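Each remark here refers to the structure printed beneath this line.
The values are calculated or read from the model by the stated rules, or taken from the named source; none is laboratory data. Note that the coordinates shown come from a computational prediction; the quantities given were computed from them, not determined experimentally. All Cβ positions, glycine included, derive from the backbone under ideal geometry; neighbour counts span all protein chains shown. Just so you know, the surface numbers come from the protein's heavy atoms only, side chains and all, with ligands and any DNA or RNA stripped out. Shrake-Rupley method; radii C 1.70, N 1.55, O 1.52, S 1.80 Å.
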Amino acid sequence: MARLHATAGAPVVRICEGGHGVTRREWRLLLVLAQYGAMSSSDLAQAAQLEWGLVSKTLGRLQTKGLVSRTPKPNDRRRVLIALTEKGTLVYQQVFPKVIDINRTLLTVLSDSQLEQLDTILSLLQQRADDPAWLDDLPKSQRRLGGRN
């Protein structure tokens with residue numbers, strides 16, 4: 001799956017980077033914001049399935065490019081809402097249809113029944129991955145500096 005993701009994702013990277021100056025990670029955040037609307041950076045990190053530090057750095061670049069805005073929350077000025085700017089929305093509107101076309105082209109090698117099977121298989125794998133019970137025997141990760149939980 002990783003190999004397919006890398007190979008099939010290459011055209012998307014070319015469109016994003018070559019046509020819009022947006023990296024794959026930046027595109028991922030723009031896509032989440034376009035789909036779900038304004039949110040906190042921690043919610044964005046969770047929705048994009050990226051570590052908060054990576055999201056924070058990426059948001060800085062997106063803000064510098066004028067693609068996202070950071071607005072303090074009215075009830076807690078220490079926290080901010082991240083949203084697409086008009087320019088960010090325009091990039092999304094220009095790139096997303098091209099990504100859809102790439103995905104459709106990739107899927108043309110599958111029959112309708114194979115597409116249904118693929119959808120079923122991917123749904124089952126996602127359900128399993130979302131169930132934390134299968135991870136119970138694994139050690140906990142130590143993401144903070146100094147190894148503290």
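Would a scan of the range 92-108 turn up a residue that is outside any helix (DSSP H, G or I) and under 22 Å from Val13 (Cα atoms)? Among the residues of the range 92-108, at least one is outside any helix (DSSP H, G or I) and under 22 Å from Val13 (Cα atoms), which makes the answer yes.
For the range 63-90, filtered to residues that are assigned to a loop (DSSP other than H, G, I, E, B) and modelled with pLDDT of 85 or more, the residue that is surrounded by the most Cβ atoms within 10 Å (Cβ to Cβ) is Leu67.
Within the range 8-34, residues that are closer than 13 Å to Gly88 by Cα and in contact (Cβ under 8 Å) with a residue 24 or more places away in the chain have Cβ atoms under 6 Å from residues that are of a type in the set (Phe, Trp, Tyr) and surrounded by fewer than 18 Cβ atoms within 10 Å (Cβ to Cβ) in no pair, counting only partners at least 6 apart in sequence or on another chain. Candidates are the residues of the range 118-141 that are of a type in the set (Gly, Ala, Ser) and part of a helix (DSSP H, G or I); the one that is modelled with the lowest pLDDT is Ala133.
With respect to being hydrophobic (A, V, I, L, M, F, W, C), on the phi < 0 side of the Ramachandran plot and touching a strand residue (DSSP E or B) at 6+ places or on another chain (Cβ under 8 Å), Leu59 fits the description.
Can you confirm whether Ala10 is open to solvent by less than 70 Å² (accessible area, probe 1.4 Å), aliphatic (A, V, I, L, M), at pLDDT below 95 and more than 25 Å from Leu106 (Cβ to Cβ)? For Ala10, the condition - open to solvent by less than 70 Å² (accessible area, probe 1.4 Å), aliphatic (A, V, I, L, M), at pLDDT below 95 and more than 25 Å from Leu106 (Cβ to Cβ) - is not met. Phe96 falls short on exactly one of the conditions (1) farther than 19 Å from Arg24 by Cβ; (2) in contact (Cβ under 8 Å) with a residue 60 or more places away in the chain, and that condition is (1). Considered as a group, the residues in the range 22-62 that are assigned to a helix (DSSP H, G or I) and of a type in the set (Asp, Glu) include one that is surrounded by the most Cβ atoms within 10 Å (Cβ to Cβ), and that residue is Glu26.
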